[in-house]
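The block underneath contains the structure these notes are about, expressed in C-alpha cells.
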C-alpha cells in the first residue's frame, strides 16, 4: 500500500535527493523509502544488540578511569 504525504525538506537536502535519484535512475519517492527502510532496519539491529548485551556487566566512566589510574595505566 502506498500513501501520498507531504514532507518539508531543506532546499539543499531536496536538491541532493533529486541529484541522487537521477544518478541512480530512480524516483525521489523510492529513494526516500529506501533511506527510511535502511534507517529503521539499522535501529532494529541496534535494539537487538542492546537486548543481547543487557546482561553484560557495566562500569561507569568514572570507575573505569579510576581503575586505569590505580593501575598506573593512565
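The residue list 56, 62 contains one member that is part of a loop (DSSP other than H, G, I, E, B) and free of Cβ contacts under 8 Å to residues at least 12 places away in the same chain, which is 56.
The residue that is farthest from the chain's Cα centre (by Cα), among those in the stretch 3-15 that are in a loop (DSSP other than H, G, I, E, B) and closer than 14 Å to residue 28 by Cα, is 4. For residue 51, the conditions (1) outside any helix (DSSP H, G or I); (2) exposed (fewer than 10 other Cβ atoms within 10 Å of the Cβ); (3) within 20 Å of the chain's Cα centre (by Cα) are fulfilled apart from (1). Identify, by number, the condition in (1) part of a helix (DSSP H, G or I); (2) surrounded by 10 or more Cβ atoms within 10 Å (Cβ to Cβ); (3) out of contact with any helix residue (DSSP H, G or I) (no Cβ under 7 Å at 6 or more places or on another chain) that residue 21 doesn't meet. So residue 21 meets the others, but not (3). In the stretch 1-26, the residues that are free of Cβ contacts under 8 Å to residues at least 40 places away in the same chain form Cβ pairs under 8 Å with partners that are in a loop (DSSP other than H, G, I, E, B), at six or more places apart or across chains, as follows: 17/9; 21/27.
We did not get these values from a lab; they are worked out from the coordinates using the rules stated. Worth saying up front: this structure is predicted, and the values here are computed from it rather than measured. FYI the Cβ positions are ideal-geometry reconstructions off the backbone, even for glycines, and counts take in every protein chain you see.
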